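Structure record follows, encoded as structure tokens.
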Amino acid sequence: MNAPNSAEQRRDQAPQDVPRSTVTLIVNGTQHTLTLDNRTTLLDTLREHLALTGSKKGCDHGQCGACTVSVNGERINACLTLAVMHEGDEITTIEGVGTVEHLDPMQQAFVANDAFQCGYCTPGQICSANAVLQEIAANIPSHVTADLTATIEITDAEIRERMSGNLCRCGAYANILKAITQVAKERA
Amino acid sequence: MRAFSYERAASPADAAARAAEVPGAKFIAGGTNLLDLMKHEIETPLHLIDVRGTGLNDITATEEGGLRVGAMVSNSTLAANPRVREAYGVLSRALVAGASGQLRNKATTGGNLLQRTRCPYFYDTAMPCNKRSPGAGCAALGKGATTRQLGVIGTSDACIATHPSDMAVALQALDARVETVTPEGETRSLTLDAFYQLPGDTPDVENTLAKGEMITGVVLPAPVEGRHAYFKVRDRSSYAFALVSVALIHAPDGTGRVALGGMAPRPWRRDAADAALPQGAAAVMAELLDGARPTEENAYKLTLAERTLAALLAEE
């Protein structure tokens, strides 16, 4: 038998006699109340239950960053957290960052700088990139921060280090760095 | 992933009592290591107790001049705390050397201590592992195994995995204590020496917590004067476990403390090695690595540890 190939089929064929919980999530400003198998990750909830397929499943083990989303203002790996642990949380996915008609400045910069090839990692890269600039603005230190007590400057090394949780198998790193740097300069 | 029931605990004492009472229960906080292991069905809890709502989110000053860090404080928050950056630099440095930005936002102080001591064979369920299935044997000690990342000291004939935490190495250097609450509602305060347990014949047991006992926080003693540094050597420049890491606190009079990561099943420090610090890196490592039993593939770590400390000392 072929594996189910749509979210509807997968949901229909999933065992029902497993422990479930009801959770309310606020995703891109819209409230959703869902009753889910406790095992459902936040990533699978977004993709399979809310049809928000912008967040990507790369490794499903927190190693690649393709599933990066913002939860209550902080970037996390949506694959390594359970939806039931996010009662009342505000989640922003790439769909909430910008639209085709109204691109976010970071999305615009990725286009302008040719910062992707296949595009699979791009939603995670963009969600992470926006968070990186916020984290630097909030003076949160990184491994390459020379002085822990000084104001952190936006340098290539800072951006590269902070983006290390987002892999790009096409190797668009040089242009991802250019795109993020461009947005940082626009905001300065 | 195996199915499990789920509840949210409102206080540490409630969480501990429930964990002792419900069969197959485990605590979950950040979940970055536990969920990963559950996906591989290496961890198979029947019940998860979500402990994030137990009120352990603060970093507060202690009467002794130190800091108490709540068990749910994230690795990012702890690394960025102004008092930690100013007075416990080794801890900030170690935290930001670990994992990725996304993981540090989720990972907690208590969970970081409780992440599994592990090796690639622990994750490979097709291979024997005494930690995963007690008595099954150790693939890492088998012929032709890849061991260059694995432990060189404190290991046993049953297991040579390393504890991957960077944070814990800094905490070991700082003489931090782990605070817990038991299912009976009693509190305990443990040094890291008393908290972590070496593998011996039971590598599946990694610490001395009783069934249901929960970490409530970590207490840092008053700051130690001197230079705080953390040097992590790894296969790529970011987002990789340490091959060797060195936490150093070096006082102006030449005395100090040295703890190692990437070498042992727990953060590794010895008083005799600290006492040898004025004599230099070779003298420290002669004490710190006495009794090491590396494999042919990871014997380089002994040299690398000495050179890493020497490099740190040469920066002064």
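Here's the picture: charge each Lys and Arg Cβ at +1 and each Asp and Glu Cβ at -1 in chain B, and of B:P267, B:N105, B:A229 the one pushed furthest to the positive end of that dipole is B:N105. Taking 7 Å steps out from each Cα toward its Cβ at A:T149 and A:R187 produces label points 2.7 nm apart. Couplings for region B:210-219, taken from phi via the Karplus curve 6.51 cos²θ - 1.76 cosθ + 1.60 with θ = phi - 60°, read 7, 4, x, 5, 10, 6, 9, x, 10, 10 Hz in order; Gly and Pro are left as x.
Taking a ≥ b ≥ c as the square roots of the eigenvalues of the alpha-carbon gyration tensor, region A:1-153 is classed prolate because a/c is 1.5 or more and a/b outweighs b/c. Phi angles of region B:26-35 translate, via the Karplus equation with coefficients 6.51, -1.76, 1.60 and θ = phi - 60°, into HN-Hα couplings of 9, 7, 10, 10, x, x, 5, 8, 4, 5 Hz per residue; Gly and Pro are given as x. With R₀ set to 30 Å, the beta-carbon distance separating A:A157 from A:T33 gives a calculated FRET efficiency near 0.10. Annotation: amide H-H contacts under 5 Å for B:L67 (H modelled 1.01 Å from N, sequence separation of 5 or more, or interchain): B:T62, B:L220. Look at the dipole of the protein assembly as shown built from charges on Cβ: of B:Q172, B:Y121, B:I160, the Cα furthest out on the positive end belongs to B:Y121. Placing +1 on each Lys and Arg Cβ and -1 on each Asp and Glu Cβ, with no other charges, gives chain A a dipole about its Cα centre of roughly 360 debye.
Remark on B:D50: its backbone amide H falls under 5 Å from those of B:E7, B:R8, B:A9, B:I28, a criterion applied only to residues 5 or more positions apart or on other chains, H modelled at 1.01 Å from N. Taking the average, over residues, of other Cβ atoms within 10 Å as the packing measure, peptides A:78-84, B:13-19, A:20-26 rank A:78-84, B:13-19, A:20-26 from highest down. Per residue, the Cα convex hull of region A:105-187 amounts to 79 Å³. Beyond 26 Å, the tail of the calculated P(r) for region B:170-316 holds 32 percent of the Cα pairs. Each residue of chain B gets 128 Å³ once the volume of the Cα convex hull is shared out per residue. Region B:196-229 and region A:97-113 have Cα centres lying 46 Å from one another. Computed on chain B, with alpha-carbon pairs under 8 angstrom and 6+ residues apart, the relative contact order is 18 percent.
Distances between placed amide hydrogens fall under 5 Å for B:E297 paired with no residue 5 or more residues away or on another chain.
Placing +1 on each Lys and Arg Cβ and -1 on each Asp and Glu Cβ, with no other charges, gives region A:35-119 a dipole about its Cα centre of roughly 240 debye.
Taking every residue in B:93-101 and counting other chain Cβ atoms within 10 Å of its Cβ, the average works out to 6. For B:K131, the lysines whose Cα falls under 21 Å of its own Cα, not counting residues fewer than eight places away in the same chain, are B:K26, B:K39, B:K143, B:K211. For the segment B:169-176, counting C-beta atoms of other chains within 10 Å of every residue's C-beta and taking the mean gives 0. Each peptide among B:265-271, B:51-57 gets the average number of other Cβ atoms lying within 10 Å of its residues, and from highest to lowest they stand as B:265-271, B:51-57. Beta bridges from DSSP with both residues in chain B: antiparallel share about 80 percent, rounded to the nearest 5. Taking 7 Å steps out from each Cα toward its Cβ at A:D89 and B:A286 produces label points 5.2 nm apart. Per residue of peptide A:139-146, the mean number of Cβ atoms on other chains within 10 Å of the residue Cβ is 6. Scaled to the globular estimate 2.2 N^0.38 Å, the Cα spread of region A:7-97, given as radius of gyration, is 1.01. Taking the convex hull of the Cα atoms, report for the protein assembly as shown its projected area averaged over all directions, in nm². Average of the hull's projected areas for the protein assembly as shown equals 24.7 nm². Candidates A:A146, B:L192, B:L302 compared by Cα position along the dipole of the protein assembly as shown: farthest toward the positive end lies B:L302, with charges placed on Cβ.
With the highest mean first, a sort of the peptides A:132-140, B:65-73, B:165-173 on other beta-carbon atoms found within 10 angstrom per residue produces B:165-173, B:65-73, A:132-140. Note on A:C64: accessible area is roughly 20 Å² with a 1.4 Å probe, heavy atoms of protein only. Extending 7 Å from Cα along the Cβ direction at A:T99 and again at B:A222 yields two label points whose distance is 6.1 nm.
Rounded to the nearest 20, the Cβ-based charge dipole of chain B about its Cα centre (Lys and Arg +1, Asp and Glu -1) stands at 900 debye.
The values are calculated or read from the model by the stated rules, or taken from the named source; none is laboratory data. Owing to the predicted nature of the structure, the values given are computational and were not obtained by experimental measurement. All Cβ positions, even for glycine, are placed from backbone atoms using ideal geometry, and neighbour counts span all protein chains on display. In case anyone asks, the SASA skips ligands and DNA or RNA and just uses the protein heavy atoms, side chains included. Shrake-Rupley method; radii C 1.70, N 1.55, O 1.52, S 1.80 Å.
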